[in-house]
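The values are calculated or read from the model by the stated rules, or taken from the named source; none is laboratory data. What you see is a predicted model, and the numbers here were worked out from it, not measured in a lab. Cβ sites come from the backbone with ideal geometry, for glycine too, and all protein chains shown count toward neighbours.
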């Protein structure tokens, strides 16, 4: 018999501002469970976690917690009011039976001294201090709302190891798909006010979600056919008697309500305004170095970035990622060495600084610069309402001040501003911050289709693995090295995580000072080639199927006599298809040989 839950929420309903946010939400947590709570931005995930923590009263439903159960909640935006130091803040989370030294110990493990002034914390320091407060008591239940926000990859991987060692049951919300896949054993999906639960981890979520949505679409299609039949009967079935059958009218209204209930939310649509193609060379760096005082940030780094490359830059906070990318894009001059940028390069940049937006400015003015109501995207004028609608902004929100937007909304606004600018080089600094998973998927698809070059700083390991073909990492003492493939490929080749220096053998194989020679020798496939290698087999199969159909058509007796022009057209099309199939097969074979050579 399963153990009773430590925490249980049943039939939770909550309305904000006249709009139902939660209608029938449930959450059950037993000892030692690892549950991830997923859903779109604005679906009510954080609200449900606050209800579980006892911070919000519900309109309807039951909240049960086993007597004596200890619970700690990690908020997205912690409140440091009344606390002067990070130690005072962390110690306030301890209970009467907790080790009084646990808070200081946890702060030190997270890289803080405890003396930091709470009034002047960076985003990363804020997150680490709030984690120390939540983790130090080692409670029965941990409720974590975006625990990886503002953390670098090194700290995220430390956090995973720390959480795995705890006895606590954990409910987590995160946009970091790799973190959820590594940590969760059950998944609760909050969608349109209701929850569904799967007793498997997040790595199975997308397949499960898609199956549910496909079933809903089939159900909606059946409903629409039934509604159409009922509407036809209402209009024409009783005209002779001039009397409506009120029962069938009521049934029709009930069907319409059911259709509303399964209607999916709108989807974000992200497009980039692309300039003309750049030349083959986008950026060439020769032996560049940069130091601040006695500290080397970048030392003797060389690389060549070509059109179509997707390059990820990763490393701990403070390792110099932003400095390196600023030098590569010509925004910061090196102390020594040279940078050459292609003459036809047009750059669009997305910074991670959400505070760069004026909180008093409206959403529309931020996009247009306060001039007019249109924005040029891909060479044509678009009304700001229509363009921002693709990023899930409502017409009313376009007139709202930026200061009232959520973190995810500000992230989408910055994306809309950056992508409206014509470019053939995208420079993205933490583009995944605060974005929900659906928006991340669409952003990823847009970057796959983008014809230009992408430089990306990110702590999202899954996003890096899906997108980049080369990864640049710090090797210590200002040296940087470039590895073929994404983040996981880098780890397998480097032989060590980012918290440690790579083994000496690996460093000799890929020293930063030899980066120019390595790039010239094509140590990685371009993103375009990698994408072609993955998609060509399907394209070849489709062309072969079409060729078989044409051949079968030409084999029909008497076709030439009956339809000479049709016969000739089909013959010409078949000949072209056979030529295209041969070219595609040769292309795939060449790419596969290149891949084997590089990986070998």
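Just a few scattered comments:
- Where helices (runs of 4 or more DSSP H) fall entirely within the stretch 42-133, those with at least 2 residues that are touching a residue at least 40 places away in the same chain (Cβ under 8 Å) and either within 27 Å of the chain's Cα centre (by Cα) or loosely packed, with under 14 Cβ neighbours inside 10 Å (or both) are at 45-52.
- Test: residue in the stretch 321-331 that is crowded, with 20+ Cβ neighbours inside 10 Å, within 29 Å of residue 303 (Cβ to Cβ) and free of Cβ contacts under 8 Å to residues at least 60 places away in the same chain: yes
- Search result, residues across the stretch 463-485 that are crowded, with 23+ Cβ neighbours inside 10 Å and under 30 Å from residue 40 (Cβ atoms): 463, 464, 468, 471
- Yes/no for residue 31 being within 22 Å of residue 140 (Cβ to Cβ), over 30 Å from the mean Cα position of the chain (by Cα) and assigned to a helix (DSSP H, G or I): no
- Extreme residue, surrounded by the fewest Cβ atoms within 10 Å (Cβ to Cβ), among residues of the stretch 359-372 that are at pLDDT below 85 and farther than 15 Å from residue 409 by Cβ: 371
- Qualifying residue in the stretch 449-461 (condition: assigned to a strand (DSSP E or B), touching a strand residue (DSSP E or B) at 6+ places or on another chain (Cβ under 9 Å) and either farther than 30 Å from residue 77 by Cα or assigned by TED's automatic domain parsing to the domain that holds residue 42 (or both)): yes
- Test result for residue 419, within 15 Å of residue 274 (Cβ to Cβ) and modelled with pLDDT under 85: yes
- If you check 147, 137 for being in contact (Cβ under 8 Å) with a residue 40 or more places away in the chain, surrounded by 20 or more Cβ atoms within 10 Å (Cβ to Cβ), within 29 Å of residue 47 (Cβ to Cβ) and more than 26 Å from the chain's Cα centre (by Cα), only one passes: 137.
- Residues that are part of a strand (DSSP E or B), surrounded by fewer than 23 Cβ atoms within 10 Å (Cβ to Cβ) and in contact with a helix residue (DSSP H, G or I) (Cβ under 6 Å, 6 or more places away or on another chain), drawn from the stretch 304-314: 304
- Residues of the stretch 364-403 satisfying the condition of being farther than 15 Å from residue 272 by Cα, touching a helix residue (DSSP H, G or I) at 6+ places or on another chain (Cβ under 8 Å) and in a loop (DSSP other than H, G, I, E, B): 373, 392, 393, 395, 400
- The number of residues in the stretch 315-329 being part of a loop (DSSP other than H, G, I, E, B) and more than 28 Å from residue 110 (Cβ to Cβ) comes to 1.
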